[in-house]
1. Report, in debye and to the nearest 20, how large the dipole of segment 266-343 comes out about its Cα centre when Lys and Arg carry +1 and Asp and Glu carry -1 on their Cβ.
2. Looking at the chain as a GNM with Cα springs under 10 Å, which of ALA21, ALA282, ALA177 has the largest mean-square fluctuation?
3. May I ask you to compute the full-extension gain from GLU343 to ARG246, defined as 0.36 nm times their residue separation minus their alpha-carbon distance, rounded to one decimal in nm?
4. Excluding same-chain residues fewer than 8 positions from LYS124, which lysines have a Cα within less than 27 Å of its Cα?
5. How long are the semi-axes of the equivalent ellipsoid of segment 1-74, taking √(5λ) for every eigenvalue λ of the Cα gyration tensor, in whole Å from largest down?
6. Which residue, ILE239, GLY9, ALA113, has the largest displacement toward the positive end of the dipole of the chain when charges sit on each Cβ (Lys, Arg +1; Asp, Glu -1)?
7. So for the chain, taking the charge dipole from beta-carbon charges (+1 Lys/Arg, -1 Asp/Glu), which of ILE218, MET56, THR133 sits furthest toward the positive end?
8. Normalise the Cα radius of gyration of segment 289-343 by 2.2 N^0.38 Å (N = residues in it) and let me know the number.
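The values are calculated or read from the model by the stated rules, or taken from the named source; none is laboratory data. Small disclaimer: the values here were computed from a predicted structure and weren't measured. With ideal geometry, Cβ positions are generated from the backbone for all residues, glycine too; neighbour counts draw on all protein chains shown. The accessibility values were calculated without ligands, DNA or RNA, using every heavy atom of the protein model including side chains. Shrake-Rupley method; radii C 1.70, N 1.55, O 1.52, S 1.80 Å.
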Amino acid sequence: MRVAMLTGGGDCPGLNAVMRAVSRKGERVYGDELIGFQDGWKGVLEGRSVPMGVEMMRGTLPRGGTVLGSSRTNPYKVEGGSEQVHARLAELGVDALIAIGGEDTLGVAHKLAGEGLAVIGVPKTIDNDLSATELTFGFDTAVQICVDAIDRLHTTAESHDRVMVVEVMGRHAGHIAAWAGIAGGATITLIPEQPFDVEAVCDAIRHRHTEGKRLASIVVVSEGATARDAAMELQSGEIDAFGHVRLGGVGARLAEQIESRTGYETRVTTLGHVQRGGTPTAFDRVLATRFGVAAIDAVHEEAWGTMVALQAGSVVRVPLADAVGELKLVDPELYDVAQVFFE
Ligand code: F6P
């Protein structure tokens, strides 16, 4: 078969590991020819493809980012876009497409599957907010990057007796924040699922201080967290082709509020794209490899319109519709665990 791959949306550690696995099993076991579209759906629309055989993918297992490039192009926002996708794939003799992405890329794959495209999805996102899979690859790496940063910030916070606010990614789901907050020993963790009260955050910090401890408070705030307080309102940013607003800034605003209300010296660190960069953890390399192998198996079993997923430790197939219908949010039980340690 001629099997194509693409990576869409934000890049993510483990993307190359997925493609390396697809390519290895596809070529060596099934005798497939593998190609890749550059820059997500944009490359499909423009018919830009490259060979993705075993030799091409050699040495890419530990490499972050995606050798194919990525974009946030939505073919359904381009005049005649979906027809163009079908036409390009037919012209290039593509028998099956493996789309590796998050809710946006897989949302497009789901629609195209409904129009008869032979497509399989692989769940990718550092945000871990895709339904129907317990984990997405890239999440473990992002959490580890946050925890390494928080560990470092603890020592500076202690030395200077400061409050440190750490803003992490995650869009409208607080998985990265919740995990990083628990693993990093945060004083408070704020997630989008639970709007917060600035004064309550300040009270917790004051309480910690009056107990005679040095401040050294770490406040982890998810970029999509919202406050009930008008003073925290942020200007809304740019909107992308999938209708997402560009987030960021809540950490800086919160730090200003904490400093002005408590009088304690406060600094902010926005981890930003550092969370998506660099080499995947061993866990993500293994998960991505398992997903890649499962995806090429799904191609050969013609399981069109499905996504490979992790459930109860096993890699299974689920309908793409189940993955993109609604966001997977933080389980309140996990947030309760984080709250046990709030001061
Ligand atoms: O979805 C992954 C993610 O990193 C989000 O956590 C973040 O809000 C967004 O992408 C940032 O997107 P961009 O790279 O386009 O700024």
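1. Numbers: 6 positive and 10 negative charges, 84 e Å.
Using Cβ point charges on Lys, Arg, Asp and Glu, segment 266-343 gives about 400 debye.
2. Ranking ALA21, ALA282, ALA177 by mean-square fluctuation puts ALA282 first.
3. Details: separation 97, 0.36 × 97 = 34.92 nm, distance 3.12 nm.
Taking 0.36 nm per residue and subtracting the Cα distance, the gain is 31.8 nm.
4. Once the sequence-local lysines are set aside, what remains near LYS124 is LYS25, LYS42, LYS77, LYS111, LYS328.
5. Working: eigenvalues 75, 46, 13 Å².
Equivalent ellipsoid of segment 1-74: 19, 15, 8 Å, largest first.
6. GLY9
7. MET56
8. Numbers: Rg = 16.1 Å, N = 55, 2.2 N^0.38 = 10.1 Å.
Cα Rg divided by the expected 2.2 N^0.38 Å: 1.60.
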